[in-house]
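Structure, as structure tokens:
The values are calculated or read from the model by the stated rules, or taken from the named source; none is laboratory data. Values in this document were obtained by computation on a predicted structure and should not be read as measured data. Glycine also receives a Cβ, built like all others from the backbone with ideal geometry; neighbour counts cover every protein chain displayed. Side chains included, ligands, DNA and RNA excluded: accessible areas come from the protein's heavy atoms. Shrake-Rupley method; radii C 1.70, N 1.55, O 1.52, S 1.80 Å.
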Amino acid sequence: MQYSIELKNVCKTYPGFALKNVSFQLPKGSIMGFIGMNGAGKSTTMKSILNMVRPQSGEITVLGLDPAKNEEEIKQNIGVVFDESHFPSNFKAKQVDMVMGNLYTNWDREQFFGYIRRFSLPENKTLKEFSRGMKMKMNIAAALSHKARLLILDEPTSGLDPIVRNEILDLFMEYIQDEENSVLVSSHITGDLEKIADYITFIHNGEVILSDSKDNLVYNHGVVKGSKEEIAAIAPNYVMALRHNRFDTEALVKNKAEFAAAYPSLVVDHATLEDFMVFLAQNQAPNAR
């Protein structure tokens, strides 16, 4: 399998925070959702991939190249969208086109204005007159218009209405259809990632807690509620994490079908990505019963 991004044991220490042996792989032609609480290390990891932060140890490969040695070549082939617009507020579409055309050798002006029309963005208004959703569409149009083979996105749908979010999600799905392009997207909106992601990587306190296919996570895991005694009776090999509530106890379990057959009296609910975040962030392991 070929990978668009590979991280192996990446470490970076700051006062009060550290990335600890962060490792994951983004297969070519796929979308990976990168999830975690605020301050978990998502931004530091993404900045390390972009060579904006220099890790103290570990290896990073982007499109088969070392970001520290091949930064310019890599950045010609990736599109980056962060939460806020990085274009001056007095820019119009034509100024964005001019600047990007000077930066990228493969800039496609026709494609850029094709996205402008598709997104119904006004060509003669300045960005300061744009809504948040319009600014995000402009950023994505710019990121997609230089034949990028990899998109790196930080909260691209945060604060947007459902219609705009669906437009953007559909575009990401279109982008990977050739099986050559890939997307790494950080988002707190786990429902969006459940719609589009092929893989999920969850980081917490600077450590990757899990990195797996979305289908395996969602379809092979479940949430079980019961009394403390009922949950305590479950074999430890099924239990990933526990959550103790006021009136009951919940368990995040794996091998859902096998578990349901072994414990027919317990109801196994669907496990969402949000469930994984909540259970694993609380880190109540089975031995904490």
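Output the residues belonging to the stretch 228-253 that are outside any strand (DSSP E or B) and within 20 Å of Asp215 (Cα to Cα).
Taking the stretch 228-253 and keeping what is outside any strand (DSSP E or B), we get 228-238, 245-248.
Residue satisfying the conditions is Tyr238 alone.
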Legend entry - Residue selected from the stretch 39-53 under the condition without any contact (Cβ under 8 Å) to a residue 40 or more places away in the chain and open to solvent by 50 Å² or more (accessible area, probe 1.4 Å), by the criterion farthest from Ile176 (Cα to Cα): Gly39
Legend entry - Evaluation of Gly159 against (1) touching a residue at least 12 places away in the same chain (Cβ under 8 Å); (2) open to solvent by less than 40 Å² (accessible area, probe 1.4 Å) (one fails), failing number: (2)
Inset, instruction - Please list, ordered by first then second residue, the pairs with beta carbon atoms under 7 Å, 6 or more apart or interchain, first in the stretch 107-131 and open to solvent by 100 Å² or more (accessible area, probe 1.4 Å), second part of a loop (DSSP other than H, G, I, E, B). - result: Asn124/Lys92; Lys128/Ser89; Lys128/Asn90
Legend entry - Which numbered condition Pro88 fails, given (1) over 19 Å from the mean Cα position of the chain (by Cα); (2) surrounded by 18 or more Cβ atoms within 10 Å (Cβ to Cβ); (3) in a loop (DSSP other than H, G, I, E, B): (2)
Legend entry - Number of the exception - Met240 against (1) of a type outside the set (Gly, Ala, Ser); (2) in contact (Cβ under 8 Å) with a residue 40 or more places away in the chain; (3) open to solvent by less than 10 Å² (accessible area, probe 1.4 Å); (4) closer than 24 Å to Asn38 by Cβ: (3)
Inset, instruction - Look through Ala233, Ala197 and report the one residue that is among the small types (Gly, Ala, Ser) and under 21 Å from Ala281 (Cβ atoms). - result: Ala197
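Residue by residue, here is whether (1) within 22 Å of Ile189 (Cβ to Cβ); (2) assigned to a loop (DSSP other than H, G, I, E, B); (3) touching a Phe, Trp or Tyr at 6+ places or on another chain (Cβ under 9 Å) holds:
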| site | (1), (2), (3) |
| --- | --- |
| Phe112 | no, no, no |
| Ala141 | yes, no, yes |
| Lys147 | no, yes, yes |
| Leu153 | yes, no, yes |
| Leu160 | yes, yes, no |
| Glu174 | yes, no, no |
Legend entry - Those residues of the stretch 254-279 which are outside any helix (DSSP H, G or I) and over 15 Å from Asp212 (Cβ atoms), in sequence order: Tyr263, Pro264, Ser265, Leu266, Val267, Val268, Asp269, His270
Inset, instruction - Could you identify the single residue in Val224, Val253 that is closer than 22 Å to Ala281 by Cβ and either open to solvent by 40 Å² or more (accessible area, probe 1.4 Å) or in contact with a Leu (Cβ under 7 Å, 6 or more places away or on another chain) (or both)? - result: Val224
Inset, instruction - Keeping to the stretch 261-289, report how many residues are under 17 Å from Asp248 (Cα atoms), at pLDDT 85 or above, surrounded by 12 or more Cβ atoms within 10 Å (Cβ to Cβ) and not charged (D, E, K, R). - result: 5
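Is there a residue in the stretch 2-17 that is in contact with a Pro (Cβ under 8 Å, 6 or more places away or on another chain) and either open to solvent by 40 Å² or more (accessible area, probe 1.4 Å) or free of Cβ contacts under 8 Å to residues at least 12 places away in the same chain (or both)?
Taking the stretch 2-17 first, the residues in contact with a Pro (Cβ under 8 Å, 6 or more places away or on another chain) are 2-4, 10-12.
Adding the requirement that they be either open to solvent by 40 Å² or more (accessible area, probe 1.4 Å) or free of Cβ contacts under 8 Å to residues at least 12 places away in the same chain (or both) leaves 2-3.
Within the stretch 2-17, one or more residues are in contact with a Pro (Cβ under 8 Å, 6 or more places away or on another chain) and either open to solvent by 40 Å² or more (accessible area, probe 1.4 Å) or free of Cβ contacts under 8 Å to residues at least 12 places away in the same chain (or both).
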